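K.L.:
Once you've had a glance at the structure underneath, I'll fire off some questions.
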Amino acid sequence: MYRQVRIHEDNRKLQQILWRRSAEEPLRTYELSTVTYGTASAPYLATRLQQLAEDESKDFSLAPETLTNNFYVDDALCGANTIEDALRLQQELITLLGRGGFHPRKFCASHPIILEAVPPDCREMEVPIELDSNEGIKTLGLLWHPLSDQFLISKGTCAQKLREPKNSPISKRIISSIIAAIFDPLGLISPVVVVYKIFLQQLWLRKLDWDDHLPSELLNQWMDMYLHLSQVNEIAVDRLVLAKGQPTEIQLHGFCDSSEKAYGACLYLRSVNQQGEVKTKLLCSKSRVAPVKKITLPQLELCAALLLALLSHN
């Protein structure tokens with residue numbers, strides 16, 4: 001994506017590299033003529049895809065809003081209520097991005113007709129769609145199962161890129177790395193994650209150094225928690241939080257609570273469609289470990305209320 005955007009000639013001298021094909025050749029100096037990944041400005045420039053939406057919005061009805069609100073760098077996650085609207089959105093995005101020199105690829109969809117509308121080399125998966133129940137497509141760091149249209153909380157999401165605990169001494173450093181590897185941006189498994197954060201707080205309260213071995217009672221507790229982490233494989237969350245069809249009523253319900261160890265907040269979306277069907281789904285949640293400095297339970301309740309207010313505002 002970055003290589004599709006040219007840099008003004010006056011600024012190319014700021015992107016110089018040294019290159020030679022072999023040790024016998026003299027070093028040559030090259031100027032990079034396109035946006036280069038890794039520069040300080042690259043993350044901002046990546047979001048400037050939105051400029052296309054501003055410049056070309058008059059010619060499209062669906063794509064500009066999707067380009068503005070449903071893109072993260074060069075990945076998009078969007079949908080439609082009908083196959084016809086999805087196909088129209090797909091073609092508008094291809095045309096709109098093409099005007100800027102960007103050619104979208106790796107299309108995924110929950111219906112084969114949408115995939116058949118693009119060339120085979122632009123698809124992330126084959127038609128017909130064949131996936132196991134615990135296999136998904138990675139999108140924005142989450143696993144999505146197209147056939148069931150669900151997000152999967154799999155061992156890949158909470159993956160341990162580290163060695164198994166039995167093969168290495170357990171220390172605060174190892175445990176912190178494992179907890180940090182749990183990726184849950186929507187808070188779909190906050191009740192799980194907060195338990196591990198509380199355990200990590202206990203290690204800090206014990207004033208253990210990063211590479212100190214855990215005391216036996218904490219080690220046994222951690223091993224039990226670690227082994228149960230694989231149970232997140234059984235969790236699947238519907239991507240569609242609205243009732244099928246065109247909703248006639250949408251309500252946002254927030255809840256918050258606290259204890260002496262942690263507090264949290266969550267948002268539920270309640271929708272009613274034209275047939276009177278009601279659907280209530282978890283939208284997102286946040287959890288926090290209680291401060292090390294002891295505060296009263298009413299103060300923790302206020303912390304939870306503040307967290308809910310911030311969650312609903314964002």
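The values are calculated or read from the model by the stated rules, or taken from the named source; none is laboratory data. Being a predicted model, the structure only gives us computed values, none of them experimental. Quick reminder, even Gly has a Cβ in these numbers, built from the backbone with ideal geometry, and neighbours come from all protein chains shown.
K.L.:
State which residue is farthest from Y263 (Cα to Cα) when the search covers only segment 147-204 and only residues that are in contact with a Lys or Arg (Cβ under 6 Å, 6 or more places away or on another chain) and at pLDDT 90 or above.
P.N.:
Here the answer is L203.
K.L.:
Let me ask something else about it. Taking the stated definitions as given, is S230 in the same structural domain as Q201 (by TED's automatic domain parsing) and touching a residue at least 60 places away in the same chain (Cβ under 8 Å)?
P.N.:
yes
K.L.:
Of all residues in segment 13-72, how many are in contact with a Lys or Arg (Cβ under 8 Å, 6 or more places away or on another chain), part of a loop (DSSP other than H, G, I, E, B) and outside the structural domain of L89 (by TED's automatic domain parsing)?
P.N.:
Here the count works out to 6.
K.L.:
Does segment 27-43 contain any residue that is within 27 Å of R105 (Cα to Cα), in contact (Cβ under 8 Å) with a residue 60 or more places away in the chain and among the aliphatic types (A, V, I, L, M)?
P.N.:
no
K.L.:
I need the full set of residues from segment 27-44 which are hydrophobic (A, V, I, L, M, F, W, C) and either at pLDDT below 80 or within 16 Å of D10 (Cα to Cα) (or both), in order please.
P.N.:
Selection gives L32, V35, A42.
K.L.:
If you don't mind, another one. Looking at P185, P191, can you tell me which residue is in contact with a strand residue (DSSP E or B) (Cβ under 8 Å, 6 or more places away or on another chain), in a loop (DSSP other than H, G, I, E, B) and surrounded by fewer than 16 Cβ atoms within 10 Å (Cβ to Cβ)?
P.N.:
P185
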